[in-house]
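Throughout, read-outs are computed from the coordinates displayed, never taken from laboratory work. What you see is a predicted model, and the numbers here were worked out from it, not measured in a lab. No Cβ is skipped: glycine too gets one built from the backbone with ideal geometry, and neighbour counts run over all protein chains shown.
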Amino acid sequence: MATFKLLLLPGDGIGPEVMAEVEKVAAFIQQAGIASFEMERGLVGGSAYDAHGQSISEAHMQLAHAADAVLFGAVGGPKWDAVPYDVRPEAGLLRLRKDLGLFANLRPALCYPALADASSLKREIIDGLDIMIVRELTGGVYFGEPKQIIDLGNGQKRGIDTQVYDTYEIERIGRVAFELARKRNNKVTSSDKRNVMKSGVLWHEVISALHKREYADVTLEHQLADSLGMQLVRWPKQFDVIVTDNLFGDMLSDIASMLTGSLGMLPSASLGDTDKKTDKRKALYEPVHGSAPDIAGQGIANPIAMIASFAMALRYSFNLGQAADMVEKAIADTLAAGLRTADIKGDAPSTVSTQQMGDAIVAELKKAI
Ligand code: NAD
């Protein structure tokens, strides 16, 4: 049985509450003899600031570097609104992304049949939806220089951001998308704005060349980012894997995620380059939601996004696709049996707590063995 090093960073607010449910799922995977986990725990965000005066300590960064995968809960909350900018809770997450070189953000948009009526779109448009948005996470206009506001001296100011991409950055995110498509429905839609942006012209050129050279077996389509936004709400099932830059990915992944309902349902993965010597890649898995201070401590948070993030770790870091399928099926079956946390209540007659939802998912897993 393979052993994997897992670092748990629960963070703040509902982070520790939803992480506790992942621990139950991981314990089950271990008891079932599927894999074993060497688990370390660390602090990040406000909880790290309270303990160490930093948003993540050097010691816990070292643990992150040594881990096969990092599971991250959520950070932030009003308690830390006034802390100095460079030690604010979010700085811990940004440091993890930067130091681990996590350039590829994967956000699946999956519609569980039991929740299809909770979407703002019609059931037939989203029932059975399963798409993956691959967003470039460490380049583009959020990081390009110059980035400044200049005083023009005539009562006017000028705000400047720079959209910049090099060939290698586009190639490596393209590779992630093509490799994923090969394990899914073998189709990639690449999105840019080459009609008005030079970086878009290069994006299109590099993705097309990579496709021709290494991934001709995968179907490749290109769509302008504005048109893709429109198509995502018109007929999202036409997509399999969508690859795009940091800015467009930020917006398109939020649109895609809301096709399927509550924030409490949405997992994500952030991946780095594969180390050629060890064949391993740095990876961090986290729910899309934040620390939800409005419901923290009440035991009512939905743990599904966190548990589904762990399923992504099983699939992408530990190569345990079957175990990931089992966890995802256990989530779907729990929902199909009618269990609902408050955020996805809809017309359900009653709701369950965070712990009850976690226990029910583990109970479904037990049935599968
Ligand atoms: P949020 O995602 O924390 O909450 C938005 C709304 O969704 C709230 O009403 C919340 O109760 C609900 N919600 C979120 N997750 C839920 C879950 N699992 N189950 C049930 N309901 C859930 O976003 P926000 O309110 O804008 O931000 C709160 C704090 O979280 C802020 O400090 C923000 O900076 C931080 N934040 C952190 C991350 C992160 O750690 N990656 C991401 C977003 C926001």
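Miscellaneous remarks
- Theoretical FRET efficiency, 1/(1+(r/R0)^6), r = Cβ-Cβ of residue 123 and residue 230, R0 22 Å, to 0.05: 0.60
- Loop-located trypsin sites (Lys or Arg not before Pro) in the stretch 314-350 (DSSP state not H, G, I, E or B) with no more than 15 neighbouring Cβ atoms inside 10 Å: 345.
- Close amide H partners of residue 133, meaning residues 5 or more places away or on another chain with modelled amide H under 5 Å apart, are 107, 109, 242.
- Note on the chain: helix-only mean residue ellipticity at 222 nm, from DSSP H runs of 4+ residues weighted -39500 (n - 2.57) and normalised by residue number, equals -12500 deg cm²/dmol.
- Counting only residues at least eight positions apart within a chain, or on another chain, the lysines with an alpha carbon under 29 Å from that of residue 157 are 147, 193, 198.
- With eigenvalues of the C-alpha gyration tensor scaled by 5 and rooted, the chain, Å: 31, 26, 22
- Shape of the stretch 169-289, Cα gyration tensor, a/c cut at 1.5: oblate
- Rounded, prolate or oblate (a/c below 1.5 giving rounded, otherwise prolate when a/b exceeds b/c) for the stretch 23-124 by Cα gyration tensor: oblate
- Antiparallel DSSP beta bridges within the chain, percent to nearest 5: 45 percent
- Label point distance in nm, residue 154-residue 90, each placed 7 Å from Cα along Cα→Cβ: 3.4 nm
- Taking a ≥ b ≥ c as the square roots of the eigenvalues of the Cα gyration tensor, the stretch 1-82 is oblate, since a/c reaches 1.5 or more and a/b is not larger than b/c.
- Anchor residue 367: aspartates and glutamates whose Cα lies under 16 Å away (excluding residues fewer than 8 positions away in-chain): 325, 328, 333, 359
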